[in-house]
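Below is one structure, written out as structure tokens; comments come after it.
The values are calculated or read from the model by the stated rules, or taken from the named source; none is laboratory data. Small disclaimer: the values here were computed from a predicted structure and weren't measured. Don't worry about glycine lacking a Cβ; one is built from the backbone with ideal geometry, like all the others, and counts go over all protein chains shown. When the accessible area is computed, the model is the full protein with side chains, heavy atoms only, and any ligands, DNA or RNA have been set aside. Shrake-Rupley method; radii C 1.70, N 1.55, O 1.52, S 1.80 Å.
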Amino acid sequence: GSCKLFQLGRLTMTRGVQALVVEGFDLGHLLARYKRGEWGDSDQEDVDRNNHAVKVGDLRVFSSYEVPESPDGRLYIITEHDRSKTTVLLPTEY
């Protein structure tokens, strides 16, 4: 189903991520997982923090995903605490 746990707000991506998308990386698949509350390979502390943030609604959501196509081997997705904006970025762009 299209169960959305939280609002992503305005979606932005950094130059590094844009380059991956231009090369054919499917960002939609990653965002779908993120919206479902699949926090990728985030450590347990981040997982707990994200689950809490989604429940409470006024805390930042931060997730890390293993992405072999990425120059850093992973991508971060961050949603602002007020849900105004979600950014996809390379760890080196953090």
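Couple of notes before you dig in:
- Cα point-scatterer Debye curve for the chain, base-10 log of I(q)/I(0) at q = 0.25, 0.26 Å⁻¹: -1.42, -1.51
- Placed amide H near residue 11: partners under 5 Å, 5+ positions off or other chain: 86
- Heavy atoms of residue 86: accessible area, 1.4 Å probe, square angstrom to 10: 0
- A Cβ-based charge dipole, computed about the Cα centre of the chain with Lys and Arg at +1 and Asp and Glu at -1, lands at about 500 debye.
- Surface per residue (accessible, 1.4 Å probe) for the stretch 32-94, Å²: 53
- Share of carbon and sulfur in the accessible heavy-atom surface of the stretch 3-94 [1.4 Å probe, %]: 49
- Here is how the number arises for the chain: DSSP H runs of 4 or more residues each give -39500 (n - 2.57), the sum is divided by the residue count, and the result at 222 nm is -9500 deg cm²/dmol.
- Using 0.36 nm per residue and subtracting the Cα-Cα separation, the extra length available between residue 82 and residue 45 on full extension is 11.2 nm.
- Accessible surface comparison of 14, 79, probe 1.4 Å, protein chains only, largest first: the order is 14, 79.
- For the stretch 9-86, DSSP calls about 70 percent of its internal beta bridges antiparallel.
- The loop-placed GluC sites (Glu not before Pro) in the stretch 39-82, going by DSSP, that have at most 16 neighbouring Cβ atoms within 10 Å of their Cβ come out as 69, 80.
- Ordering 64, 9, 22 by Cα displacement along the dipole of the chain toward the positive end leaves 9 in first place; charges were set at the Cβ atoms of Lys, Arg (+1) and Asp, Glu (-1).
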